[in-house]
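Take a look at the structure set out below.
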Amino acid sequence: MTNHWIDIKNADYIMIIGSNAAENHPISFKWVTEAMDKRGARLISVDPRYTRTSARADMFVRIRSGTDIAFVGGMILHILEDMRKNPGKYNIEYVSQYTNAAYIVKDQVLPADNGGVFTGWDATKKTYDKAAWNYKIEDTAANKPNREAKLLSAGWADWTERANPDPAVAWGQLDANCVLRLLYEHYKRYDQETISRITGVSPEKLLEVYAEYAKSGAKDKAGTIMYAMGTTQHTYGTQNIRAYSILQSLLGNMGIAGGGINALRGTSNVQGSTDMASCPPDTRIHRYSQ
């Protein structure tokens with residue numbers, strides 16, 4: 001959890017996914033309603049069920065259970081494409097200066113025929129050799145001025161083809177090993193028709209909700225994601241949260257009031273321990289595990 005519950009009152013856009021916060025975490029939802037009442041915050045409920053949270057939401061998106069990665073991946077692609085065409089709508093300074101979007105990686109980690117698998121995969125051991133997963137120039141204080149980065153100018157003025165109607169031309173202008181381009185190359189398969197088929201949400205509804213939450217990427221706005229066990233209790237729960245992290249980083253919603261990725265847990269035990277950083281919840285010893 002990156003922010004405490006009370007900070008939710010500072011959000012302008014709130015996406016609750018994998019959680020029925022209104023019913024299961026009512027104290028957290030107190031601050032959601034305060035943000036809505038006092039700031040005019042917009043609430044998006046993403047859930048297979050229509051819940052009490054959905055009833056209070058400005059926008060309800062019914063997705064098929066277990067399709068969170070596809071849903072968020074489609075939003076990431078929408079934002080990448082909108083950001084390159086309309087950088088003025090987003091906090092480009094944050095993306096270029098406070099994330100690794102402009103960095104050049106050491107080697108090609110995303111082969112063209114990868115099928116979603118990165119370089120270094122050992123199919124026998126089911127593990128990656130991450131030795132090649134590094135930046136071309138180490139990001140030290142001495143080397144930082146000499147980084148090979150194309151996205152650092154104000155407004156991305158040096159990305160002259162960013163508005164080209166052909167995405168291949170626009171993204172092709174960037175270094176093939178630029179992190180932002182690698183991100184696009186990985187997520188370009190998450191088009192709205194594909195996501196609609198996977199999630200069961202119409203392309204029109206997807207565009208509506210993607211455009212709405214993308215507004216949190218403006219410099220004067222903040223968006224938070226609230227999730228619970230509907231996100232984590234999958235074999236790919238970690239990947240779900242990783243997708244949220246990428247989304248929030250693109251939108252500049254990390255490290256600001258009203259932003260972050262906020263988990264909702266057992267209110268009086270795990271939540272309190274996590275908020276006080278007293279113990280990681282996953283290290284609890286279960287007495288009857290034997």
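FYI, it's all coordinate maths here, none of it is from the lab. On a predicted model such as this, the values are computed, not experimentally measured, just so you know. Note: ideal-geometry Cβ built from the backbone for every residue, glycine included; neighbour counts use all protein chains shown.
Pop the C-beta distance of ILE27 and GLU93 into the FRET formula with R0 = 51 Å and round what comes out to the nearest 0.05.
Working: r = 35 Å, r/R0 = 0.69.
Calculated value: 0.90.
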field: Derived scalar couplings ³J(HN,Hα) [region 226-238; Karplus, 6.51 cos²θ - 1.76 cosθ + 1.60; whole Hz; x for Gly, Pro]
entry: 10, 9, 9, 5, x, 8, 7, 8, 9, 5, 10, x, 4
query: Amide H to amide H, which residues 5 or more places from VAL61 or on other chains are under 5 Å from it, using H placed in the peptide plane?
result: SER45, VAL46, ASP47
query: Which whole-Hz couplings ³J(HN,Hα) result when phi for each residue of region 81-98 is put into the Karplus expression 6.51 cos²θ - 1.76 cosθ + 1.60, θ = phi - 60°, listed in order with x for Gly and Pro?
result: 5, 5, 5, 5, 7, 10, x, x, 7, 10, 8, 5, 4, 5, 4, 7, 9, 10
- request: Taking 7 Å along the Cα-to-C-beta vector as the label spot, tell me the ASP37-LEU207 distance in nanometres, rounded to one decimal.
  value: 3.7
- request: With a Förster radius of 22 Å, plug the Cβ-Cβ distance of ARG197 and ARG242 into 1/(1 + (r/R0)^6) and report the FRET value to the nearest 0.05.
  value: 0.45
message: 5 Å is the cut-off here: which amide hydrogens, built 1.01 Å from N in the peptide plane, fall below it relative to ASP158, excluding neighbours closer than 5 in sequence?
response: SER153
For region 244-255, Karplus couplings with θ = phi - 60° (6.51, -1.76, 1.60), whole Hz, Gly/Pro x: 4, 5, 4, 4, 5, 5, 4, 8, x, 9, 9, x
task: Would you grab the residues whose amide H sits under 5 Å from the one on ARG42? Only those 5+ places off in sequence or on another chain, please, with H modelled 1.01 Å from N.
output: TYR13, ILE14
